[in-house]
Amino acid sequence: MKGNGNHNARIGVYVCHCGTNIAGKVDVNALAEYAGKLPGVIVSREYKYMCSDPGQELIVKDVKDLKLNRVVVASCSPHLHELTFRKTTANAGQNPYLFHMVNLREHVSWVSEDPIAATEKSKALVKAAVLRAVWHEELEPRRFPVNPNVLIVGGGIAGIHAALTLASAGKQVYLVEREPSIGGHMAQFDKTFPTLDCAACILTPKMTAVKQSSNIHLYSLSEVSEVSGFVGNFKVKVKKYPRYIDEAKCVGCGECIEECVYKEGKYPNEFDLGLGKRKPIYMSFPQAVPSIPLIDSATCIEFKSHKCPKGCVEKCGDRNAIDFTQKVEEVELEVGTIIMATGFKTFDPRRLPQYGYGKFPNVYTSLEIERLVNASGPTLGQVILRDGRRPESIGILHCIGSRDENTNKYCSRVCCMYSLKLAHLLKEKTGAHLYNFYIDMRTPGKGFEEFYKRVLDEGVSFIRGKVAEVSGWAQSPAEEGKMILRVEDTLLGIIRRIPVDMVVLSTGLEPQADQQEVRRLFNLGCSAEGWFLERHPKLAPVDTFTDGIFLAGCNQGPKDIPDTVAQAGAAAAQCMAHIDKGFVEMEPNTAWIDEELCSGCHVCIGMCPYSAIHFDTEKKVAVLNEALCKGCGSCVAACPSGSAQQNLFRDEQLFAEVEGVLV
Amino acid sequence: MSNNFNPSIVGFFCNWCTYLAADLAGTSRMKYAPNVRVVRTMCSGRVDPQMILWAFRHGADGVLIGGCHPGDCHYQEGNYKALRRSKLLRKMLPQFGIEPERLRLEWISASEGERLRDVVNEFTAEIRHLGPLHKKQAAPQMAVAA
Ligand SMILES: Cc1cc2nc3c(=O)[nH]c(=O)nc-3n(C[C@H](O)[C@H](O)[C@H](O)COP(=O)(O)OP(=O)(O)OC[C@H]3O[C@@H](n4cnc5c(N)ncnc54)[C@H](O)[C@@H]3O)c2cc1C
Ligand code: FES
């Protein structure tokens, strides 16, 4: 290595107890004493909570009194408090990048069994930091302006609420929804727990407000296909699939639908989960936003044979809104921040064949029942069996695809409550006898337990036990023509057989089928179950590890509508914080090239994923454009002459650190 | 090799996946062998083969590189670069008298705290089995740039 770093380094080392989190395992006194003897260390202290005000003041005072020019804090993960301590040293008048942090809590005390080994490991890490800090340099953060426009992906209640919040603050929002209409799952419900508000009554006004806001630019039938750039300056490509009806010309009268050659709906309506039928030209539901029909090219006769009389076109007349030639369009947007509001999908009960979904016609999923009980649903709110009969007994099976070792281990959080809601609605609509089969009743929420009580009082039977099987083998005349639910009643301690006419499977919530692809597109992380990963489960629940991208709603984990809306508001606030600040500061961890040392070998140029390096043919050296560099350090690792270096991760710094950890 | 040999292992963990997996293992209070000492880099693509040799030369018995899963690198494909480099380096290590098994590259995502624990434990056991790297014969006699 060239040189010896800063011989005049005056280092202060601060060992945090973190209460007993660190001090309970690591001998903090021995560690501080050890650190005090390391080269360049002027002062070394231990303190109960370094991040507390007195802890930080201790550092500020030492920097000033003892003229420290390097600070090392050995406490928790830099992902938690690096910024805190950089600010502390800045307050003491020091360049914040001269600071370095050691992760004793997450990487040592919490994961070690033996206190002696933990203390030894801590010593190694502290020594590494001290050797490294000597090589730290003064740096300036890079500043970039923040584009005030916001992209929201997904137009469920989360995306809608965030869009309206931002729009009311005067921000421009691009709302991208891949379905023909916004609304998400909530638009499919009749009533919502625990208040039994009619879903349409509370959602439709918000959907209309989206349509009417001049600050919201809605892209329906659209998907994001490319994302580049960084916080404050994202470039996004949106693919807009053809609706075959010009949104600018259509007035939404719906007369074209009337005039279709199909006089009745013929194809399963996706919005009704196939329970209702639609024509090739249709609106997915009456309150759809945008309230513009679409043509399904797979079923429209004109697309198949070009021989349709096209009553739709004729009826539209000189409005001329129907356009069979529409193609996929690509739109480029520039935004500063992004909210992911892509929601969830429900568990597919075909994966658990013992429940007979797809085998017995009267086994339904909860979402299908939501459509059946819905006054504007395919049966106009009539709950009838497939053969037209009214059900006399109905079994609702909780936790299908939740709390199950074979499918999803987690609790889906909303199923107990929506099962209670459906029990109430089904009883009200059919007068049938209702059975709810549950493992545990989970009703934590405002008004939830009261709602449970209410449904109990309405005479719904609750059987504690997981149904083993839905079968058609009648063993008595009473079971004839019914489906039989075999269940261990764990309160009575007996196996029971309960015959019913209708079965409702309360399916759990799962990440979207394309969650992984979307995650890659936006450079996000996922939890082990596949939900998008928040930056911190408690303190940064809507942030992600990609600056400028925030989460709202069920894509981060199952939650009900109130929690979704709260999170959407929080995500909108985070965007506004960026917009109103006006600029972002980025880690100065970019690479640079020493012209003197560069031999012009070109190796780094091919390494850079962002085309930030080009070759200066006059000088015959590589030149790096700092504005494009994102600081991965690939070029540095590849450079054979050592002329490429990365700020904060210089060769000297890393080599010194390696030496240090090897004590 | 005696069982109470305590190997020194350097872990080069990328900031976005494996370092966070180690944080998660911590917050989940998983216990694992104390032998791996982590040096954080922004991306596994920053890990210079010279840095690995430097570690062996300064007393490491093993080197563990941790990066994001294929397709997940925060910088598009730094992990592929790490993969190519480590494959090449593993071929060269025997020339320095270092068993290639002493260098390992693993993909560990931010949510895989358990996997981090298991990899660290397994690798530590493997290095313990291989025994200490005899420094005299193994010290790579190469010039380290910069
Ligand atoms: C059967 C059932 C009943 C329920 N009943 C209630 C209730 O009574 N009360 C209650 O509080 N909660 C209830 N819930 C929970 C409620 O559904 C959720 O809290 C709520 O829908 C979450 O809203 P969201 O916007 O996060 O997701 P979603 O409603 O799933 O909306 C996501 C939107 O994003 C779109 N999208 C997805 N991926 C993309 C992409 N890549 N590009 C563009 N767009 C995309 C989707 O098309 C969709 O419009 C129930 C859930 C179920 C399953
Ligand atoms: S960021 Fe993890 S390997 Fe590149």
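Compute the helix-to-body angle for A:157-168: its Cα long axis versus the longest principal axis of chain A, expressed 0 to 90° and rounded to tens.
60 degrees
In segment A:614-641, which residues give up 30 Å² or more of accessible area once the other protein chains are added, compared with their chain alone (1.4 Å probe)?
A:CYS632, A:SER634, A:ALA637
For A:PHE303 and A:LYS48, compute 0.36 nm times the residue count separating them, minus their Cα-Cα distance, and round to one decimal in nm.
84.5 nm
Under the classification rounded if a/c is under 1.5, otherwise prolate if a/b is larger than b/c and oblate if not, where does segment A:346-510 fall, given a ≥ b ≥ c as square roots of the Cα gyration tensor eigenvalues?
Taking the square roots of the gyration eigenvalues as a ≥ b ≥ c, segment A:346-510 is rounded.
Among A:GLU270, A:GLU177, B:GLU112, A:GLU332, what's the order by accessible area (1.4 angstrom probe), most exposed first?
The ordering from most to least exposed comes out as A:GLU332, A:GLU270, B:GLU112, A:GLU177.
Averaging over every viewing direction, what projected area does the convex hull of the Cα atoms of segment A:397-466 cover, in nm²?
4.6 nm²
To the nearest 10 square angstrom, what accessible area does A:TYR97 show with a 1.4 Å probe?
For A:TYR97, the solvent-accessible surface is approximately 20 Å².
Skip the ligands, DNA and RNA, and give the accessible area per residue of segment A:11-133 with a 1.4 Å probe, whole Å².
Here the residues of segment A:11-133 average 37 Å² of exposed surface.
Add -39500 (n - 2.57) for each DSSP H run of 4 or more in chain A, then divide by its residues: what number comes out at 222 nm, to the nearest 500 deg cm²/dmol?
-8000 deg cm²/dmol
Going by alpha carbons, how many degrees (0 to 90, nearest 10) lie between the helix axis of A:78-91 and the longest principal axis of chain A?
Result, in degrees: 50.
What distance in nm separates the two pseudo spin-label positions at A:CYS601 and A:GLU255, each 7 Å out from Cα along the beta-carbon direction?
That separation, rounded to one decimal, is 7.5 nm.
Rounded if a/c is under 1.5, else prolate if a/b beats b/c, else oblate: with a ≥ b ≥ c from the C-alpha gyration tensor eigenvalues square-rooted, which is segment A:553-626?
prolate
In sequence order, what are the phi-derived ³J(HN,Hα) couplings for segment A:547-554 according to the Karplus relation 6.51 cos²θ - 1.76 cosθ + 1.60 with θ = phi - 60°, rounded to whole Hz, with x for glycine and proline?
With coefficients 6.51, -1.76 and 1.60, one gets 4, x, 10, 10, 10, 8, x, 6 Hz.
With every protein chain in place, what's the accessible area of A:HIS100 (1.4 Å probe, Å², nearest 10)?
Result for A:HIS100: roughly 20 Å² accessible.
Which whole-number percentage describes the relative contact order of segment A:255-380, with Cα contacts under 8 Å and a sequence gap of 6 or more?
In percent, rounded to a whole number, it is 22.
Can you put A:HIS424, A:HIS602 in order of accessible area, largest first, using a 1.4 Å probe?
Result, largest first: A:HIS602, A:HIS424.
Report the one residue of A:LEU380, A:SER366, A:GLY356 whose Cα lies farthest in the direction of the positive end of the charge dipole of segment A:322-391 (charges on C-beta: Lys and Arg +1, Asp and Glu -1; origin at the Cα centre).
Highest projection toward the positive end goes to A:GLY356.
Residues with beta-carbon under 15 Å from that of A:ARG390, excluding A:ARG390: net charge, scoring Lys, Arg +1 and Asp, Glu -1?
Taking every Cβ under 15 Å from that of A:ARG390, the sum is +1.
Give me the percent of accessible area attributable to carbon and sulfur for segment A:11-133, probe 1.4 angstrom.
54 percent
Pairs of alpha-carbon atoms within less than 8 angstrom and 6+ residues apart define the contacts here; what relative contact order does chain B have, in percent?
36 percent
Any idea of the total accessible area buried by the A-B contact, 1.4 Å probe, rounded to 100 Å²?
4600 Å²
In whole percent, and with a 1.4 Å probe on the protein chains, what portion of the accessible area of segment B:9-142 is carbon and sulfur?
C and S atoms contribute 51 percent here.
Read phi for every residue in segment A:635-642 and hand back ³J(HN,Hα) as whole Hz from Karplus 6.51 cos²θ - 1.76 cosθ + 1.60, θ = phi - 60°, with x for Gly and Pro.
5, 5, 5, 8, 5, x, 9, x
Out of residues 5 or more away from A:VAL102 or on other chains, whose amide H comes under 5 Å of its own, with H placed 1.01 Å from N in the peptide plane?
Excluding prolines and chain starts, which carry no amide H, the hits are A:VAL73, A:ALA74, A:SER75.
A:ASP323's amide H: which non-local residues (gap 5+, or another chain) put their own amide H closer than 5 Å, with H modeled 1.01 Å from N in plane and none for Pro or chain starts?
Amide H neighbours of A:ASP323: A:ILE245, A:ASP246.
Given a 1.4 Å probe and the protein chains all in place, what does the accessible area of A:CYS201 round to, in Å² to the nearest 10?
So the heavy atoms of A:CYS201 present about 90 Å² to solvent.
Test of understanding: what is the full-extension gain from A:ALA169 to A:GLU330, defined as 0.36 nm times their sequence separation minus their Cα-Cα distance?
Contour length minus Cα-Cα distance gives 55.1 nm.
Where Lys and Arg each count +1 and Asp and Glu each count -1, what net charge lies around A:CYS256 among other residues with Cβ under 11 Å from its Cβ?
0
What percent does the relative contact order of segment A:591-646 come to when contacts are Cα pairs within less than 8 Å and at least six residues apart?
47 percent
I'd like the orientation of helix A:561-581 relative to chain A: the angle between its Cα long axis and the longest Cα principal axis, in ° from 0 to 90, rounded to 10.
Computed tilt is about 40 degrees.
For A:ALA528 and A:LYS266 in one chain, what is 0.36 nm times their gap in residues minus the Cα-Cα distance, to one decimal in nm?
Using 0.36 nm per residue and subtracting the Cα-Cα distance, I get 90.2 nm.
Where nothing but the Cβ of Lys and Arg (+1) and of Asp and Glu (-1) is charged, how large is the charge dipole of segment A:214-347 around its Cα centre, in debye to the nearest 20?
Value, rounded to 20: 340 debye.
Evaluate 2.2 N^0.38 Å with N set to the residue count of segment A:11-133, then give the Cα radius of gyration divided by it.
Dividing the Cα Rg of segment A:11-133 by 2.2 N^0.38 Å gives 0.94.
For A:CYS308, enumerate residues with amide H under 5 Å from its amide H, sequence gap 5+ or separate chain, H modeled in the peptide plane.
Sorted by chain and number, the residues that satisfy this are A:GLU302.
Please work out whether segment A:257-381 counts as rounded, prolate or oblate from its C-alpha gyration tensor, where a ≥ b ≥ c are the square roots of the eigenvalues and a/c under 1.5 means rounded, while otherwise a/b larger than b/c means prolate and anything else oblate?
oblate
Ignoring ligands, DNA and RNA, what accessible area per residue does chain B give at 1.4 Å, in Å²?
That works out to 39 Å² per residue.
With Rg and the Kirkwood Rh both taken from Cα atoms, where does Rg over Rh land for segment A:255-319?
Here Rg/Rh amounts to 0.96.
Counting every Cα pair in the protein assembly as shown, what percent are over 38 Å apart?
Percent of Cα pairs beyond 38 Å in the protein assembly as shown: 51.
The values are calculated or read from the model by the stated rules, or taken from the named source; none is laboratory data. Since the model is a prediction, treat every value here as computed from it, not as a measurement. Note: ideal-geometry Cβ built from the backbone for every residue, glycine included; neighbour counts use all protein chains shown. Each accessible area value is taken on the protein alone, full model and side chains, heavy atoms only, with ligands, DNA and RNA left out. Shrake-Rupley method; radii C 1.70, N 1.55, O 1.52, S 1.80 Å.
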